[in-house]
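The values are calculated or read from the model by the stated rules, or taken from the named source; none is laboratory data. Quick caveat, the model's predicted, so the values are computed rather than measured. Cβ sites come from the backbone with ideal geometry, for glycine too, and all protein chains shown count toward neighbours.
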Amino acid sequence: MTDPAPDLRFWARRFISPVMAGHHNHHDFAGALLVDAARDALQTAGEQWTEMRSDVFEALAAHEKPASAYDIAESVGARRGKRVAANSVYRILDLFVRTNLARRVESANAYVANSHPGCHHDCIFLICDACGEATHIDDDTLTGALRDAAHRAGFAAVRPVVEIRGRCGACGTEADPA
Ligand SMILES: [Zn+2]
Ligand SMILES: [Zn+2]
Ligand SMILES: [Zn+2]
């Protein structure tokens, strides 16, 4: 099977339809609209949308797979034609996570752009063991139940981390060892 063009894959990946709970007006964004939504969310959080932050976000959003600060530093450096320190990228990614522009995929030890920067959910990541691509779904009923269970166990300030490993649709469905 031949791969579709990279930009088509980018769009296809973003439009995996999430399972939504709740009654708000949820939007998942892609491409230029995602960059606009990210800028709005960052500015609403009282932070500036600098050229460097813009470059880091665009590089992150363009990555097929969860990306490390080093991956992003390399992409931004290539675009700018000069070396970019991974440390400064790391600080920006950290800011993005705090302001809901990006999410950390813990089991991949890397970051992805959040497709719904203005909207808070406990994203459930689906990570393909074959190609490494990460997609995500939102299901507040499911993650809400996890939050409740943690609270009942006396936990405070809970943050569910739900990551599912498997094989994505594109990597096929070779029979699992039963
Ligand atoms: Zn939402
Ligand atoms: Zn989400
Ligand atoms: Zn895959």
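Overview of results
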quantity: All positions within the stretch 127-144 that are loosely packed, with under 14 Cβ neighbours inside 10 Å and in contact with a strand residue (DSSP E or B) (Cβ under 7 Å, 6 or more places away or on another chain); calculated: Asp129
quantity: Residue within the stretch 54-62 that is closer than 14 Å to His136 by Cβ, within 16 Å of ligand 2 (Cβ to nearest atom) and at pLDDT below 95 present; calculated: no
quantity: Hits in the stretch 89-103 (condition: more than 22 Å from Gly77 (Cβ to Cβ) and outside any helix (DSSP H, G or I)); calculated: Thr99, Asn100, Arg103
quantity: Residue in the stretch 102-118 that is within 16 Å of ligand 1 (Cβ to nearest atom), in contact with a strand residue (DSSP E or B) (Cβ under 7 Å, 6 or more places away or on another chain) and modelled with pLDDT under 95 present; calculated: no
quantity: Candidates Ala156, Ala130, Ala170 - the one that is away from ligand 1 (no atom under 16 Å from the Cβ) and over 22 Å from Lys65 (Cβ atoms); calculated: Ala156
